[in-house]
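For reference, the structure is listed below as structure tokens.
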Amino acid sequence: DEASRIWLYEPHGIPGLLQTPEYALAIMGRARDFSAAEIAQGLDLRMRRQAILDRDPPPELHIVLDEAALRRAPAAEVMAGQYGRLLAVHRRPAVTVQVLPLADLNPYGPVPFTILWFADSAEPQAAYAELPDSEHLIDRTAAVGAYLAAFNDLRGCALPPAESADLIGRIASSSTGPGR
């Protein structure tokens with residue numbers, strides 16, 4: 001909540017900060033170990049967290065999405081709204097969205113990660129990585145630097161923001177749902 005800058009790499013799905021309620025429910029509903037109450041609580045938390053994008057000033061948000069994340073669709077009607085949300089957020093001055101095309105090799109693989117900066121610091125102060133069985137908060141300068149270098153490589157491989165928006169629009173226009 002207190003981050004002034006967030007750099008996020010997501011290879012699997014739409015990041016929580018940009019999810020529509022419908023997309024979030026579709027994803028959370030697939031988790032077998034959560035009750036309806038836990039899903040409702042998780043959805044509420046996710047939607048409240050998105051309010052950081054509306055604060056004054058908002059954090060600078062830079063996201064690199066693997067194209068595969070855009071093509072994994074819980075349902076066509078869910079994705080129609082989600083693509084619209086991505087394109088709307090992309091137009092915000094403090095947000096940059098880039099897509100790493102399927103045609104490019106992904107040098108960093110399947111582990112999503114986030115780099116966070118906080119007020120009064122020019123250097124990234126923490127990185128956060130999610131694995132299937134654990135979450136890791138990294139605050140050692142050298143380790144955070146390795147994540148920063150990885151993100152810089154990924155954004156260099158990704159399409160520029162305008163081309164990324166065009167690709168999202170083309171995927172949205174041609175989307176016919178799962179199994180397309």
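The values are calculated or read from the model by the stated rules, or taken from the named source; none is laboratory data. Worth saying up front: this structure is predicted, and the values here are computed from it rather than measured. Ideal geometry is used to build each Cβ from the backbone, glycine not excepted, and the neighbour counts take in all protein chains shown. Side chains included, ligands, DNA and RNA excluded: accessible areas come from the protein's heavy atoms. Shrake-Rupley method; radii C 1.70, N 1.55, O 1.52, S 1.80 Å.
General remarks:
- Here region 19-43 is the region considered, the condition is being among the acidic types (Asp, Glu) and modelled with pLDDT under 90, and the residue that is most open to solvent (accessible area, probe 1.4 Å) is Asp33.
- Any chance Ala88 is of a type in the set (Gly, Ala, Ser) and within 20 Å of Glu22 (Cβ to Cβ): yes
- Index of the failed condition, Ala73 passing every other in (1) open to solvent by 30 Å² or more (accessible area, probe 1.4 Å); (2) over 25 Å from Leu148 (Cβ atoms): (1)
- Looking across region 1-18 at every residue that is among the aliphatic types (A, V, I, L, M) and under 11 Å from Met47 (Cα atoms), the one that is surrounded by the fewest Cβ atoms within 10 Å (Cβ to Cβ) is identified as Leu17.
- Test: residue in region 51-73 that is hydrophobic (A, V, I, L, M, F, W, C), farther than 26 Å from Leu167 by Cα and either at pLDDT 85 or above or touching a helix residue (DSSP H, G or I) at 6+ places or on another chain (Cβ under 8 Å) (or both): yes
- Selection within region 45-61: residues that are open to solvent by 50 Å² or more (accessible area, probe 1.4 Å) and within 11 Å of Asp1 (Cβ to Cβ). The member of this set that is farthest from the chain's Cα centre (by Cα) is Arg55.
- When residues of region 72-125 are limited to those that are of a type in the set (S, T, N, Q) and under 15 Å from the mean Cα position of the chain (by Cα), the one nearest to Ala24 (Cα to Cα): Gln82
- Taken across region 116-126, residues that are part of a loop (DSSP other than H, G, I, E, B) and either touching an Asp or Glu at 6+ places or on another chain (Cβ under 9 Å) or closer than 16 Å to Leu65 by Cα (or both) do occur, with at least one present.
- Within the set Asp44, Asp104, the sole residue that is in a helix (DSSP H, G or I) and not polar (S, T, N, Q) turns out to be Asp44.
- Here the condition is being within 23 Å of Ala172 (Cα to Cα) and basic (Lys, Arg); of Arg48, Arg72, it holds for Arg72 alone.
- Comparison of Val89, Val111 shows that the only residue that is under 17 Å from Trp7 (Cα atoms), open to solvent by less than 20 Å² (accessible area, probe 1.4 Å) and among the hydrophobic types (A, V, I, L, M, F, W, C) is Val89.
- Evaluation of Met79 against (1) in contact (Cβ under 8 Å) with a residue 60 or more places away in the chain; (2) in a loop (DSSP other than H, G, I, E, B); (3) surrounded by 13 or more Cβ atoms within 10 Å (Cβ to Cβ) (one fails), failing number: (2)
- Test: residue in region 136-152 that is surrounded by 13 or more Cβ atoms within 10 Å (Cβ to Cβ), over 18 Å from the mean Cα position of the chain (by Cα) and in a loop (DSSP other than H, G, I, E, B): no
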